[in-house]
Amino acid sequence: MNGRVTLKIFFFFLLLIIIIFLVLLFGKKLNSPAKADPNDTVLYSTHGAKVRGLDPGDIGDVTSSIIASQMIECLYQYHYLKRPYQIIPCLAENMPTVSEDGLVYTIKIKKGVLFTDDKCFKDDKGRELKAGDFVFAWKRIADIKYISKNWWIFDNKITGLDEFRQYSKTCKTSADVDYNTPVEGLQTPDDWTLVIKLRRPWPQIVYMLAHLPTAPMAKEAVDYYRKDIINHPVGTGPYKLNRWHKGSYIEMVKNPTFRDEFYPSEGEANDATNGILADAGKKLPLTNRLVTVLIQEDPPQWFLFLQGKIDVSGIPKDNFSEAIDLRRQLTPEMRARNIKLLTFRDPSTYWFGFNMEDEVLGKNLPLRMALSCAVDRDKYVELFTNNRSEAAYGFIPPLMSCYNANIKNISQTSYNVQKARKLVKEAEQIYGSKLPRLVLSMPGTDIVFRQQGDFLKRCFSDAGLDVEMDYMDWPTFQNKIKTKSAQIFALGWVGDIPDAENFLQLFYSKNVSPGSNNFNYSNPEFDQIYEKAYVMSDGAERDALYKKAEEVVVKDCPAIFLTHGVAFILTHDWAMNIKPNAFAYGTSKYRRVDEAKKAAYKELLRKLK
């Protein structure tokens with residue numbers, strides 16, 4: 001029996017154990033409250049990555065953001081139904097009043113909004129949200145002792161906040177940082193008014209005020225839970241955490257003190273026809289409980305979806321042909337199950353990034369280009385995304401207005417093994433000898449990651465490159481990136497806002513790790529273009545600068561830009577009001593479960609057997 005067969009048998013039994021565990025989990029433990037209360041409604045979902053933490057100030061990964069956004073809110077949010085995407089008030093009473101020079105934003109906070117009940121508060125009762133909770137949260141991100149990955153959001157933008165960060169550096173411990181130290185650009189004339197003074201115009205600020213890391217934070221929660229705050233989200237949102245079994249599942253329940261908020265009464269022209277407006281005017285949230293099951297392996301996720309245990313699902317690559325036919329439509333089997341298909345271009349780019357501070361990679365452009373030319377992107381898209389993605393040669397995704405359709409030619413990193421081999425020779429001359437083995441960090445250990453690793457090793461080997469795969473779980477991977485200890489890393493970025501500046505900041509030299517610039521990339525020319533563009537309002541002139549900045553980056557080749565994503569989402573017909581939103585995560589409050597249809601699915605499954 002060879003090693004590959006042994007590995008397959010091992011994974012078979014591993015999956016069998018996972019499936020048995022999940023069936024028991026769904027069949028007994030999680031469903032028991034529903035049996036006790038016939039009016040209980042539950043929305044089930046899955047995620048493949050582990051939850052790193054639910055502290056909004058240091059949150060950065062998609063899975064954690066999706067979970068936390070059901071419980072934690074921001075000043076603004078995206079209209080659930082309208083397109084193009086439109087920002088509307090959430091915790092703010094209305095849209096901000098902006099001074100004529102664009103430097104002062106005055107925002108009124110809604111009165112009567114309560115933090116969820118929690119033992120961190122007096123008598124375990126959540127208190128009213130105040131403007132000072134935003135000031136505390138943003139000072140916390142600025143506090144160098146906190147080591148937030150989200151400092152890039154505020155860096156050099158709010159008057160006095162950078163000075164507060166410098167002050168925090170002078171403190172011996174985090175306990176010594178005095179959050180009463182005034183910051184000129186963050187004023188609270190009263191408990192429901194927030195005044196933000198900017199160092200220079202920042203047109204994207206309203207988008208960022210809808211981004212989870214800018215959510216308010218109750219000082220009582222931080223003081224009470226300290227480092228364990230990552231496990232105790234205390235927000236104002238429609239749901240609150242009920243149970244979290246690490247590595248297994250998370251259950252959220254309705255927040256009984258959630259304020260009055262209602263389902264939108266208008267949207268796009270076809271929303272009424274599609275039944276998306278049927279719940280217009282109803283109080284949110286529409287579902288009692290949210291259960292998110294954390295499963296790293298695709299087969300058990302797919303099994304649970306087909307069994308009706310999961311309401312909404314993506315499509316694992318090995319099951320794509322089972323779900324989608326050659327015309328990109330649902331197969332008869334899926335239609336027989338009354339499953340629906342939703343597709344949309346998501347604002348994502350995935351890459352294998354290079355640590356530009358690495359001694360081997362950082363000073364060797366031919367080596368980085370050789371690695372990039374060695375990867376057959378089209379084959380990767382076919383094998384691992386079922387042709388659902390588009391090959392990438394730059395970082396700005398196609399749905400952005402400034403996308404450059406010529407970026408492939410500009411990058412000169414198309415798949416070409418012969419060119420890669422010549423570049424390897426140049427790289428060896430620069431290095432001074434045969435190149436050492438390189439290490440690529442992969443953020444997962446499951447079969448799919450290992451298949452990707454095998455594919456990449458073959459690509460690199462064909463070009464004469466020796467690259468070892470290092471598989472690890474998501475939190476370990478994140479920590480490796482944050483501490484600049486990864487040499488090459490598989491990662492990507494899903495746009496937080498409908499503005500390509502959100503991608504450009506990933507390459508700004510002041511955002512190096514633990515900030516968002518995981519490449520630790522630095523180029524003065526890029527920085528100059530970026531600093532000019534980001535104070536400009538949307539328009540053709542700014543788009544031209546964005547394109548120019550991207551050209552600078554791709555010529556330096558700090559990554560193997562791999563794919564741009566197109567999402568294929570499957571939903572059972574009982575999951576109502578499912579409308580994809582490329583930028584908002586906290587959308588579960590709008591979704592509803594038709595329990596009668598869900599109950600009928602069991603009978604349907606029996607007939608289909």
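The values are calculated or read from the model by the stated rules, or taken from the named source; none is laboratory data. Computed from a prediction, not measured in an experiment: that's the story for all the values here. Neighbour counts are summed over all protein chains in view; Cβ atoms, including those assigned to glycine, are modelled from backbone coordinates with ideal geometry. Protein only, heavy atoms only, side chains kept; ligands, DNA and RNA dropped before computing areas. Shrake-Rupley method; radii C 1.70, N 1.55, O 1.52, S 1.80 Å.
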Cα-Cα separations in the chain greater than 33 Å, expressed as whole percent: 47
Ordering of 246-252, 515-521 by burial proxy (mean other Cβ atoms within 10 Å per residue, highest first): 515-521, 246-252
Packing-based ranking, highest mean first, of 124-132, 61-69, 234-242, 216-224 given that Cβ atoms within 10 Å are counted: 234-242, 61-69, 216-224, 124-132
Percent carbon-and-sulfur accessible area, the chain, ignoring ligands, DNA and RNA, probe 1.4 Å: 52
Residue-normalised accessible area of the chain, given per residue in Å² at a 1.4 Å probe: 43
Burial ranking of peptide ranges 70-82, 275-287 (average Cβ count within 10 Å, highest at the top): 70-82, 275-287
Principal axis dimensions, the stretch 164-232 - Cα atoms, whole angstrom, descending: 34, 29, 24
Total charge dipole magnitude, the stretch 453-536, about the Cα centre, Cβ charges on Lys, Arg, Asp, Glu only, Debye to nearest 20: 200
Additional length obtainable on full extension of the chain from residue 357 to residue 181, 0.36 nm per residue less Cα span: 59.8 nm
Spatial separation of Cα centroids for the stretch 311-331 and the stretch 206-281, in angstrom: 30
Residue 313 accessible area, 1.4 Å probe, all protein chains in place, Å² to nearest 10: 10
Reachable lysines from residue 609, criterion Cα separation under 29 angstrom, eight or more residues apart if same chain: 8, 28, 29, 35, 309, 317, 340, 597, 598
Members of 119/589; 82/110; 130/197; 419/482; 532/589; 169/547 lying beyond 27 Å, as alpha-carbon distances in this model show: 419/482; 532/589; 169/547
Separation of the residue 171 and residue 327 label points, Cα + 7 Å toward Cβ, nm: 6.3
Over the stretch 478-536, relative contact order from alpha-carbon pairs under 8 Å, at least 6 apart, %: 29
Calculated from backbone phi, Karplus (6.51, -1.76, 1.60) coupling profile of the stretch 392-404 in Hz, x at Gly/Pro: 10, 10, x, 9, 7, x, x, 6, 6, 5, 9, 4, 9
Cα-derived Rg over Rh, computed across the stretch 212-350 with Rh taken as Kirkwood radius: 1.02
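Given only helices, namely DSSP H runs of n ≥ 4 each adding -39500 (n - 2.57), what is the per-residue ellipticity at 222 nm of the chain, to the nearest 500 deg cm²/dmol?
Dividing the helical sum by the residues of the chain leaves -9000 deg cm²/dmol.
Rounding to the nearest 20 debye, state how big the charge dipole of the stretch 63-201 is about its Cα centre with +1 on each Lys and Arg Cβ and -1 on each Asp and Glu Cβ.
360
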